[in-house]
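Novice: Can you read through this structure? Questions will come right after.
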Amino acid sequence: MDTYSLGFWNLENLFAPEGFPDREPWIAQRVAKDLDGWTEALFTRKVAQLAVGIAAMNGGAGPDLLGVCEVENRFVLDRLTQALNAALPARRYDVIHADSTKDQRGIDTAFVFDANRLSTNPAEVFSHFVMRRTGTRDITQATFKTQSGQEFVALSNHWPSRSGGYHTLTQGYRMTAGETLSYWHERIREVKGNNTAVIAMGDLNDDPADPSVVIHANSSRERDDIENATSPRFYNLAWNYLRQSVRTVSGKQRLIYGTLYYQGDANIFDQILVSRAFLRGPGPFRVREETAHIEALPAMVHDSKNEGPIRFGLPRGNAEKNVNTSGFSDHFPVSVTIEVAS
């Protein structure tokens, strides 16, 4: 029995430096104020911090597969994998990225994966747009093959934000995103078979109990419901990483209630959902659900119980005020371990 570590991280505005020559003009116009003062040095430091966080996952071995979001383009992902491969010489990280031209700020979803352990078919990489009036957030889909030749399908998600609050039109946008995910889950089963192993990960901008996740994405916290389901449903592992205890760098013991914090309140927006094939046979995959957790590296965790991750930030014209070079992201990463029969 072999094991693989799978995870997800919202990298919080991983943009190339200000004045990046290959930036599309419309993106440059939209993000000009945010990136005012985003120097090569700050970008390099941000990449280095993210590499520290990713390398610390999986007990310091790094994940085998990491879904990411809030990345601008392939350039920033290549810089990140360069830093990761330098930090973890046993790894050979590569990137799957489908450029989104629809998101209002040009940010994408993608995968970082160890090409020594996983292979992919470029013909089975897709970008699914979540259509709405004011733009989209995409879902990147890829098929991965383990060293023993077993296939699973992964979808990296970034659902529309809660701009303006939860009870606004944005709630409907996330319901649309959930419907988009469940639609493609059903299409995957139609093409590859009902016992295809499917894992969906991402920043859903809703909590596990919200309708967009439960009703529209068709997920449940009840394992037996999914084990016995014949329809395309997901088992939501996010319920398993509530109330984690961590020790911060200063030595304080902290309970972690969510993957990000807003105005003192925790939310569990970053979730991992698995299909029935990860829970019971037939098929080679099994999820170790007890391993599903928030990857709260001590250096990432704020001392205050009302704060969560220590964010890096963007300069917005005043880097001294708005950037913390000891920070990482405004989200914690999440991960889980799966078993694969030889």
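Novice: Can you tell me which residue in region 321-342 is farthest from residue 279 (Cα to Cα), limited to those that are assigned to a strand (DSSP E or B) and hydroxyl-bearing (Ser, Thr, Tyr)?
Specialist: 335
Novice: While we're here: Looking only at region 167-210, which residues are of a type in the set (D, E, K, R) and more than 20 Å from residue 229 (Cα to Cα)?
Specialist: Once the filter is applied, which keeps residues that are of a type in the set (D, E, K, R) and more than 20 Å from residue 229 (Cα to Cα), region 167-210 yields 174, 203, 206, 207, 210.
Novice: Considering region 178-232 alone, what residues qualify as being among the basic types (Lys, Arg) and under 21 Å from residue 141 (Cα atoms)?
Specialist: Within region 178-232, 187, 189, 192 qualify.
Novice: For region 221-266, name all the residues that are buried (at least 21 other Cβ atoms within 10 Å of the Cβ), closer than 19 Å to residue 10 by Cα and in contact (Cβ under 8 Å) with a residue 40 or more places away in the chain.
Specialist: The answer is 237, 238, 241, 256, 258, 259, 260, 261.
Novice: Now, a different point. Between a first residue in region 14-28 that is within 18 Å of residue 323 (Cα to Cα) and a second residue that is among the β-branched types (Val, Ile, Thr) and surrounded by fewer than 19 Cβ atoms within 10 Å (Cβ to Cβ), which pairs have beta carbons less than 7 Å apart while being 6 or more apart in sequence or on different chains?
Specialist: 17/39; 18/39
Novice: Further, regarding this structure: So which residues in region 61-82 are within 20 Å of residue 313 (Cα to Cα) and either out of contact with any Ser or Thr (no Cβ under 6 Å at 6 or more places or on another chain) or surrounded by fewer than 21 Cβ atoms within 10 Å (Cβ to Cβ) (or both), if there are any at all?
Specialist: Within region 61-82, 68, 70, 71, 72, 73, 75, 76, 77, 79, 80 meet the criteria.
Novice: Show the residue pairs meeting these rules: Cβ distance below 9 Å; 6+ apart or different chains; first residue within region 71-87 and closer than 16 Å to residue 138 by Cβ; second residue of a type in the set (Ser, Thr, Tyr).
Specialist: 71/109
Novice: Give the residues of region 285-317 that are assigned to a loop (DSSP other than H, G, I, E, B) and in contact with a helix residue (DSSP H, G or I) (Cβ under 9 Å, 6 or more places away or on another chain), sorted by residue number.
Specialist: Correct list: 295, 297, 308, 310, 312, 313, 314, 315, 316.
Novice: Any idea which of 285, 312, 278 is crowded, with 19+ Cβ neighbours inside 10 Å, more than 30 Å from residue 182 (Cα to Cα) and in contact (Cβ under 8 Å) with a residue 40 or more places away in the chain?
Specialist: Answer to the selection: 312.
Novice: Just give me the residues in region 302-330 being at pLDDT below 95 and within 20 Å of the chain's Cα centre (by Cα), in sequence order.
Specialist: 308
Residues are listed down the side, and each one gets a yes or a no for (1) over 15 Å from residue 70 (Cα atoms); (2) surrounded by fewer than 23 Cβ atoms within 10 Å (Cβ to Cβ); (3) at pLDDT 90 or above; (4) of a type in the set (A, V, I, L, M):
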{"residue": "122", "(1), (2), (3), (4)": "yes, yes, yes, no"}
{"residue": "126", "(1), (2), (3), (4)": "yes, yes, yes, no"}
{"residue": "132", "(1), (2), (3), (4)": "yes, yes, no, no"}
{"residue": "139", "(1), (2), (3), (4)": "no, no, yes, yes"}
{"residue": "144", "(1), (2), (3), (4)": "yes, no, yes, no"}
{"residue": "147", "(1), (2), (3), (4)": "yes, yes, yes, no"}
{"residue": "150", "(1), (2), (3), (4)": "yes, yes, yes, no"}
{"residue": "158", "(1), (2), (3), (4)": "no, no, yes, no"}
{"residue": "163", "(1), (2), (3), (4)": "yes, yes, no, no"}
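Novice: Which members of region 189-228 meet the condition of being among the aliphatic types (A, V, I, L, M) and either part of a loop (DSSP other than H, G, I, E, B) or more than 15 Å from residue 171 (Cβ to Cβ) (or both)?
Specialist: Within region 189-228, the subset among the aliphatic types (A, V, I, L, M) is 191, 197-201, 204, 209, 213-215, 217, 226.
Those that are among the aliphatic types (A, V, I, L, M) and either part of a loop (DSSP other than H, G, I, E, B) or more than 15 Å from residue 171 (Cβ to Cβ) (or both): 191, 197, 198, 199, 200, 201, 204, 209, 217, 226.
Novice: While we're here: Among the listed residues 67, 60, which satisfies the condition of being free of Cβ contacts under 8 Å to residues at least 40 places away in the same chain and out of contact with any helix residue (DSSP H, G or I) (no Cβ under 6 Å at 6 or more places or on another chain)?
Specialist: Values: 67 fails: free of Cβ contacts under 8 Å to residues at least 40 places away in the same chain.
Every option except 60 fails the conditions.
Novice: Another one. Can you tell which of 287, 334 is under 20 Å from the mean Cα position of the chain (by Cα) and within 17 Å of residue 246 (Cβ to Cβ)?
Specialist: 334
The values are calculated or read from the model by the stated rules, or taken from the named source; none is laboratory data. In this text the structure is predicted, and so the values were computed from the model without any measurement. Here Cβ is always computed from backbone atoms with ideal geometry, including for glycine, and neighbour counts include all displayed protein chains.
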